[in-house]
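Some notes on the structure that comes next.
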Amino acid sequence: MNKIKGLISIARKAGYVIIGKDNLIDYKKKLYLLIVDNTAGDSLKREMKFISNSKKIPLLELDNLGEKVSIDNCKAIGLKNKAMSDSIEKCIKGE
């Protein structure tokens, strides 16, 4: 749990995190991982699944995403660094 928060924090400070649905939809470069909050609405989850399928990006759900990103009401993020994405994905799937 704390490891995921630490990895996301490092990725944010390095500029590897895209935050928010609108930013993810408008982002044209390569993303390696999408994370959506478990409490997100059905329409947001549906849009994230569409992005995931169309760009062939893994999509994971996580509890309390806003707390881990240190932004209230954050429901969706994307990662644009392969190594960080792999590390975070392993931690989430390992829980």
Please specify each residue of the range 57-95 satisfying the condition of being more than 12 Å from the chain's Cα centre (by Cα) and basic (Lys, Arg).
Lys82, Lys90, Lys93
Within the range 46-79, tally of residues that are touching a Lys or Arg at 6+ places or on another chain (Cβ under 9 Å) and of a type in the set (D, E, K, R)
6
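Any idea which residue in the range 56-95 is modelled with the highest pLDDT, counting only those that are among the acidic types (Asp, Glu) and within 14 Å of Ala11 (Cα to Cα)?
In the first step, residues of the range 56-95 are kept if they are among the acidic types (Asp, Glu); the result is 61, 63, 67, 72, 86, 89, 95.
The next check asks that each one be within 14 Å of Ala11 (Cα to Cα); those that pass are 86, 89.
Details: Asp86: 95, Glu89: 92.
Only one residue tops the list, namely Asp86.
The values are calculated or read from the model by the stated rules, or taken from the named source; none is laboratory data. None of these values were measured; they are calculated from a predicted model. So basically every Cβ, Gly included, is an ideal-geometry build from the backbone, and we count neighbours across all protein chains shown.
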